[in-house]
1. Using the Kirkwood formula on the Cα atoms of the stretch B:151-229, what hydrodynamic radius do you get, in angstrom to one decimal?
2. What does the net charge come to around B:Ala242 if you take all other residues with beta carbon closer than 9 Å to its beta carbon, with K and R at +1 and D and E at -1?
3. Specify the inter-centroid distance of the stretch B:187-209 and the stretch A:7-47, based on alpha-carbon positions, in whole Å.
4. From the Cα gyration tensor of the stretch B:207-366, with a ≥ b ≥ c the square roots of its eigenvalues, which class applies: rounded if a/c is under 1.5, or else prolate if a/b is larger than b/c, or else oblate?
5. Tell me which lysines have Cα within less than 25 Å of B:Lys316's Cα, excluding those fewer than 8 residues away on the same chain?
6. Quick check: net charge around A:Asp74, other residues with Cβ under 15 Å of its Cβ, Lys/Arg +1 and Asp/Glu -1?
7. When you look at the Cβ of every residue in A:42-51, what mean number of other chain Cβ atoms sits within 10 Å?
8. Label the stretch A:19-88 by shape, choosing from rounded, prolate and oblate, from the square roots a ≥ b ≥ c of the eigenvalues of the Cα gyration tensor; if a/c is under 1.5 it is rounded, and otherwise prolate applies when a/b is larger than b/c, oblate when it is not.
Amino acid sequence: MRIQVRRTGGFAGIERRAEVDTSDRPDAPAWQTLAEQALADGRATPPPGVPDGFSYEITVDGRTAYAADPRLTDEQRELVSRVLKEGA
Amino acid sequence: MVASSDKTITQCNGRDMTTHGGFQPVFCTIVPPHILDRLAQHEDSALAGPARRSLEHDAYQRTKRRLTTVLGAPAVAPPAGAAADQPHRTVYDARHTQDLPGRKVREEGSDPGSDASVNRAYAGLGATFELYLKAYGRHSIDGHGLPLDATVHFGEGYDNAFWNGEQMVFGDGDGEVFLDFTIPVDVIGHELTHGVTQHTANLEYFGQSGALNESVSDVFGSLIKQYTLGQTAAEADWLIGAGLLAPRVHGTALRSMKAPGTAYDDPDLGKDPQPATMEHYVRTGRDNGGVHINSGIPNHAFYLAATALGGHSWEKAGQVWYDVLTGGELKQDALFTDFATLTVKAARERFGAGNELQAVQKAWEQVGVRTL
């Protein structure tokens, strides 16, 4: 499973993106569960955020969903922070 | 109105609506609508009832947010007993969660504690209140004494600060690229000015009106810093976010009003993408149509007008910009040229046909924005 996260906006206005490929990971099932839940809770189009709030684009194997601070679900929050931290 | 029930599924971590004279929590951690839809149709009323109430609540909040966007936020009465010319600050600690507002750690009039983030947030809220009151006679963000609330230590290594529609939120930064977002007072002023804009011109956060929204926040954020330091236009650094970047980052700040595009140039962050003039206007769908990019153009116009006039920038150039923001003529979808034209009009109305008018006209001319 390929999980991509793109974060835009924020006070700095600096875009960040990262990707995790779960295929070689021992914890792949946990990633997949998290990614599917985060995706299911996302929107089909970018939701209106707040000025300077982060916007997120989450793509899992070609399927994309959108979310924006400060209204992420717990799974979305965990997924975007792990992908941006651990991903390449 | 929403039924108050301990079974309501929507988890609103906002404040008790009776605490601050009628606030509604605007942003909630919401169970996804499609799940609520399913639950609302459930045979078991113990499940269906709360789900229905949550759907109603969610719809109510969405409508309210939309109305806030369309109409601007309603005026809120100051808390009883609050002195009109004093801020009413409360600082909360999210303790590295993303639950708002968090635990109350400092109230108006209480002594500084040992947490520097709390103390800086408290001071920054005060500095912002002070500039708006002393320079423009504005009572807080909404003009009616709105209590100023801030949450610090939001999330873990969270690289941002924002105004969520009713309060300030500050992250600690990751320590590698960004430090604590309470460090620069202009960042605090910038975010609170988003609140002022929300309550006044309510500029749409997209494209040129979005870049104007961003620019207005940079302008007053910088003025709050200059006012706090007692600086003249010539003495000011005209930087946004100085002190926010970690030592290893190649850059002095996030934006420069004096020289847009020169604030940072770093292997990780890339190069500051801001243009200074219309010639280099960036067309993009990202960042809400480049709101943090093209704000460099009106930012630079303000810098040029303020430095041409000299002295304290909040007195003349700042007054003109404030008049436009709050004057009622600026449209929500204003273009740069609309804003520029209104500053020329405001300069004439406020100061007559003198230096101020000329400085404002010339500033826009230099950045390539037409005034009518």
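Nothing in this text is a laboratory measurement; each read-out follows from the coordinates by a stated rule. Owing to the predicted nature of the structure, the values given are computational and were not obtained by experimental measurement. Cβ sites come from the backbone with ideal geometry, for glycine too, and all protein chains shown count toward neighbours.
1. Numbers: mean 1/r = 0.0772 Å⁻¹.
Roughly 13.0 Å, rounded to one decimal.
2. Working: positive: B:Lys225; negative: B:Asp186, B:Asp237.
Summing Lys and Arg as +1 and Asp and Glu as -1 gives -1.
3. Going from one Cα centre to the other spans 29 Å.
4. On the way: a/c = 2.06, a/b = 1.34, b/c = 1.54.
Note, shape of the stretch B:207-366 comes out oblate.
5. Cross-link targets: B:Lys134, B:Lys225, B:Lys258, B:Lys331, B:Lys345, B:Lys362.
6. Values: positive: A:Arg71, A:Arg77, A:Arg82; negative: A:Glu36, A:Asp41, A:Asp69, A:Glu75, A:Glu78, B:Asp99, B:Glu156.
Combined, the nearby Lys, Arg, Asp and Glu give -4.
7. On the way: counts 1, 2, 0, 0, 1, 0, 7, 4, 12, 19.
Counting Cβ atoms of other protein chains within 10 Å of each residue's Cβ and averaging gives 5.
8. Numbers: a/c = 2.13, a/b = 1.79, b/c = 1.19.
Here the stretch A:19-88 falls in the prolate category.
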